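Student: I'd like to ask you about the structure that follows.
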Amino acid sequence: MRYPGIALILAAALASCALVPDALAHGIAGRDADFVANSVGAHVFPFLYLGAKHMFTGYDHLLFILGVIFFLYRLAHVALYVTLFSIGHSITLLAGVLGGIHVDSYLVDAVIGLSVAYKAFDNLGGFTTYFGVQPNTKAAVLGFGLAHGFGLATKVQALTPSTDGLITNMVSFNVGVELGQLLALSLILAFMVWWRATASFSRYSAAANAAILAAGFLLTEYQLAGYFLQPGA
């Protein structure tokens, strides 16, 4: 059975991610934001939920994960790369919020967009084709994991949470992020296993990565525009 339209559908879905307003699909907004800003003391389960929700709806994080596992066929390899990514974003999420390390949210999100484009370019063989080198993929995933963690940290820092119970809440939030990532990864892997069993995968995998590449650049441009257009820039 053939699915000739799958690349077009995936390309449209990925490109549309870059056009979604930040508050709707990436940040902590609405009642969730009010809770984080006004809660005092330790709230383990609410922060677990918020962490899982934030990762599961974080389209930039999900696009990067999709790029990372796109051509990984062994679960051991998937586990290795996802663990490296998790270590990276856990370090900077906790260090950023608990250690008071501040970075510009627009700039770090622009780097996150570049991470999406980087992985898609790597999947397309761009580095070996155009530069004759193959960067260390494990180091890249760990390094970009650090950037993604700072992206998560900026969303929490913007809400100035109370220091009362902050350590417990941030550890809970980080565990929730890991749970949300695990759930999202399970769905992505299920889709990839299904797609790889069809004839369209070999035919359209390059087009899908080109769409991821374009989405990554759109995300980067969106964040850079926000940086240069913000008041006082």
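Student: Evaluate the following for residue 198: is it modelled with pLDDT of 95 or more and over 18 Å from residue 79 (Cβ atoms)?
Tutor: Working: modelled with pLDDT of 95 or more: no; over 18 Å from residue 79 (Cβ atoms): yes.
When the stated conditions are applied, residue 198 does not pass them.
Student: Under 30 Å from residue 202 (Cα atoms) and assigned to a helix (DSSP H, G or I): does that describe residue 82?
Tutor: Values: under 30 Å from residue 202 (Cα atoms): yes; assigned to a helix (DSSP H, G or I): yes.
Judged against the criteria, residue 82 is a match.
Student: For residue 222, which of the numbered conditions (1) at pLDDT below 95; (2) over 18 Å from residue 105 (Cα atoms); (3) surrounded by 15 or more Cβ atoms within 10 Å (Cβ to Cβ) fails to hold?
Tutor: Evaluating residue 222 over (1) at pLDDT below 95; (2) over 18 Å from residue 105 (Cα atoms); (3) surrounded by 15 or more Cβ atoms within 10 Å (Cβ to Cβ) leaves (2) as the failure.
Student: Okay, moving on. Return the residue satisfying two criteria in turn: it lies in the range 155-204 and is of a type in the set (D, E, K, R) and within 19 Å of the chain's Cα centre (by Cα), and of such residues it is surrounded by the most Cβ atoms within 10 Å (Cβ to Cβ).
Tutor: Of all residues in the range 155-204, those of a type in the set (D, E, K, R) come to 155, 164, 178, 196, 203.
Next, only the ones that are within 19 Å of the chain's Cα centre (by Cα) stay: 155, 178.
Details: 155: 21, 178: 17.
Looking at the filtered set, the residue picked out is 155.
Student: Using beta carbons and a limit of 6 Å, which pairs, at least six apart or on different chains, have the first residue in the range 102-121 and modelled with pLDDT of 95 or more and the second one of a type in the set (Asp, Glu)?
Tutor: Pairs found: 112/60.
Student: Here is a follow-up. Return a yes/no flag: does the range 121-133 have any residue that is part of a helix (DSSP H, G or I), within 20 Å of the chain's Cα centre (by Cα) and among the hydrophobic types (A, V, I, L, M, F, W, C). Reasoning before the result, please.
Tutor: First, the residues of the range 121-133 that are part of a helix (DSSP H, G or I): 121-123, 126-130.
The next check asks that each one be within 20 Å of the chain's Cα centre (by Cα); those that pass are 121-123.
Next, from what is left, pick out any that are among the hydrophobic types (A, V, I, L, M, F, W, C): 121.
Yes, the range 121-133 contains at least one residue that is part of a helix (DSSP H, G or I), within 20 Å of the chain's Cα centre (by Cα) and among the hydrophobic types (A, V, I, L, M, F, W, C).
Student: Hey, does the range 135-147 have a residue that's free of Cβ contacts under 8 Å to residues at least 40 places away in the same chain, closer than 22 Å to residue 182 by Cβ, in a helix (DSSP H, G or I) and not basic (Lys, Arg)?
Tutor: yes
The values are calculated or read from the model by the stated rules, or taken from the named source; none is laboratory data. This one's a predicted model, so the numbers in the text were calculated from it and none came from an experiment. With ideal geometry, Cβ positions are generated from the backbone for all residues, glycine too; neighbour counts draw on all protein chains shown.
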